[in-house]
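> Would you mind keeping the following structure in view while I ask a few things?
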Amino acid sequence: PWDVQVHNPDLFLRIARDGTLGLGEAYMDGWWDCEALDEMITRGFRAGLEDQVRNNLRFLVYLIGFRLFNRQSRARALQVAEQHYDIGNDVFEQMLDPHMNYSCGFWESASGLDEAQIAKMEMICAKLQFEPGMKVLDIGCGWGGLAQWMAQHHDVHVTGVTVSVEQAKLAQERCADLPVEVTVKDYRELEGKFDRSVSVGMFEHVGIGFYPQYFGKIKELLADNGIAVLHTIGRSGPPSVTDPWIRKYIFPGGYIPSLSEVTPVIERSGLVITDIEFIGPHYARTLRAWRRRFRANWNKVRDIYDERFCRMWEFYLASSEIAFRHLGLTVFQIQMAHRHMEVPPT
């Protein structure tokens with residue numbers, strides 16, 4: 001089932017010329033198929049194909065260019081929103097849980113995706129140590145699932161910001177009867193003070209050159225006795241670059257950091273790291289659940305978009321799952337405060 005069925009013999013030249021970018025584009029164009037796409041990608045990496053690509057001169061040129069020009073300005077942030085999050089809510093509704101969580105679930109005792117996402121939200125809420133009436137900032141609030149949950153179940157007031165117009169519209173509808181305010185705004189434009197700050201699945205779009213500005217803004221907005229939690233995809237190993245296909249078709253300008261790139265910036269900002277937890281394996285299960293739901297609703301998505309879009313999205317979900325299973329991607333949950341005594345010892 002993991003054998004590749006080749007429909008266009010130019011596939012091999014395309015992959016030799018363009019690497020993973022050519023592989024993904026050829027799948028989108030219907031040049032090849034595979035019954036067990038995830039297993040095929042896994043076997044490719046186990047055979048050392050990734051290492052061969054990384055020793056290629058073309059990849060080294062790409063790496064240098066990526067490090068020099070990964071600048072997530074406000075204009076680039078809006079580009080990400082338009083290309084990925086503003087494609088319409090339909091595709092996300094066909095694969096996500098009812099709360100529209102587009103981030104890693106927590107599967108420790110969950111039997112399905114819906115339970116895993118509720119467990120993840122409660123896990124984050126526990127680390128934020130809420131008290132009734134607190135003002136909470138949700139940076140990159142998405143469709144408002146976490147903001148809605150925090151307001152409903154923990155009696156807090158939430159300010160959510162996103163750069164996606166489509167996300168904001170749905171979030172405002174879902175939270176209309178709650179003490180939740182959702183606006184389209186870049187995090188750099190925020191002002192005021194908040195008792196708690198949380199960001200889930202947004203940091204990957206900040207851009208490595210803007211880490212000091214990002215954590216500086218967190219420190220500025222956080223009350224003296226405040227607590228902040230950052231939930232982000234990260235790398236278990238040393239710094240690297242975003243795959244060219246992912247960068248072109250899914251997350252333009254996106255960057256997945258190593259812990260060594262994040263913690264020194266937090267330290268220099270004046271914030272104190274009070275806890276770090278890794279839940280990477282849970283994201284592989286989450287992505288598999290998303291892909292199953294997406295495939296079950298393939299025809300609905302195809303009628304809204306087209307077949308090429310569906311093949312692009314499937315390749316994205318399958319390759320991302322394998323990256324978490326075998327290529328060292330993980331998830332960091334980093335808890336921060338102004339002083340370490342502001343949080344419980346465990």
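> If you go through region 127-158 one residue at a time, how many are free of Cβ contacts under 8 Å to residues at least 60 places away in the same chain, under 16 Å from Leu190 (Cβ atoms) and within 20 Å of the chain's Cα centre (by Cα)?
Residues flagged as free of Cβ contacts under 8 Å to residues at least 60 places away in the same chain, under 16 Å from Leu190 (Cβ atoms) and within 20 Å of the chain's Cα centre (by Cα) within region 127-158 amount to 2.
> Look at region 181-207 and say how many of its residues are among the hydroxyl-bearing types (Ser, Thr, Tyr), farther than 26 Å from Arg235 by Cα and open to solvent by less than 30 Å² (accessible area, probe 1.4 Å). First the steps, then the outcome.
Here is the first cut: in region 181-207, the ones among the hydroxyl-bearing types (Ser, Thr, Tyr) are 183, 187, 197, 199.
Now narrow it down to the ones that are farther than 26 Å from Arg235 by Cα: 183.
Applying the additional criterion that residues be open to solvent by less than 30 Å² (accessible area, probe 1.4 Å) yields none.
Residues flagged as among the hydroxyl-bearing types (Ser, Thr, Tyr), farther than 26 Å from Arg235 by Cα and open to solvent by less than 30 Å² (accessible area, probe 1.4 Å) within region 181-207 amount to 0.
> Restricting region 211-234 to residues that are over 17 Å from Val161 (Cα atoms) and crowded, with 20+ Cβ neighbours inside 10 Å, which is farthest from the chain's Cα centre (by Cα)?
The extreme case among them is Gly226.
> For region 328-346, which positions are touching a residue at least 24 places away in the same chain (Cβ under 8 Å) and in a helix (DSSP H, G or I)?
His340, Glu342
> Mind checking whether some residue in region 163-184 is at pLDDT 95 or above and hydroxyl-bearing (Ser, Thr, Tyr)?
Yes, that holds for at least one residue.
> Same structure, new question: Considering only residues that are aromatic (Phe, Trp, Tyr) and either under 21 Å from Asp97 (Cβ atoms) or assigned to a helix (DSSP H, G or I) (or both), which ones fall in region 272-327? Don't jump to the end; show me each part of the working.
The initial filter retains those residues of region 272-327 that are aromatic (Phe, Trp, Tyr), namely 278, 283, 290, 294, 298, 305, 309, 313, 315-316, 324.
Passing the criteria: Tyr283, Trp290, Phe294, Trp298, Phe309, Trp313, Phe315, Tyr316, Phe324.
> Specify the residue that is surrounded by the fewest Cβ atoms within 10 Å (Cβ to Cβ); the eligible residues are those in region 250-278 that are without any contact (Cβ under 8 Å) to a residue 60 or more places away in the chain and under 16 Å from the mean Cα position of the chain (by Cα).
Phe278
> If we only count helices (runs of 4 or more DSSP H) wholly inside region 87-189, which ones have 2 or more residues that are among the aliphatic types (A, V, I, L, M) and over 24 Å from Ala289 (Cβ atoms)?
Numbers: elements: 90-93, 113-128, 145-154, 165-174.
Those helices (runs of 4 or more DSSP H) span 165-174.
> Additional query: Does region 327-336 include one or more residues that are small (Gly, Ala, Ser) and either modelled with pLDDT of 95 or more or open to solvent by 60 Å² or more (accessible area, probe 1.4 Å) (or both)?
No.
> When the residues of region 235-249 are filtered to those that are within 16 Å of the chain's Cα centre (by Cα), open to solvent by 20 Å² or more (accessible area, probe 1.4 Å) and not basic (Lys, Arg), which remaining residue is nearest to Met341 (Cα to Cα)?
Selected residue: Ser236.
> Filter region 3-42 for residues that are modelled with pLDDT under 90 and loosely packed, with under 15 Cβ neighbours inside 10 Å and give the result.
The answer is Ala16, Arg17.
> Also, I was wondering about something else. Which condition number does Leu178 fail, the rest of (1) closer than 24 Å to Phe210 by Cβ; (2) open to solvent by less than 60 Å² (accessible area, probe 1.4 Å) being met?
(1)
The values are calculated or read from the model by the stated rules, or taken from the named source; none is laboratory data. Keep in mind the model is a prediction, meaning the values are calculated, not measured. Note that each Cβ is placed from the backbone with ideal geometry, even for glycine, and that neighbours are counted across all protein chains shown. Just so you know, the surface numbers come from the protein's heavy atoms only, side chains and all, with ligands and any DNA or RNA stripped out. Shrake-Rupley method; radii C 1.70, N 1.55, O 1.52, S 1.80 Å.
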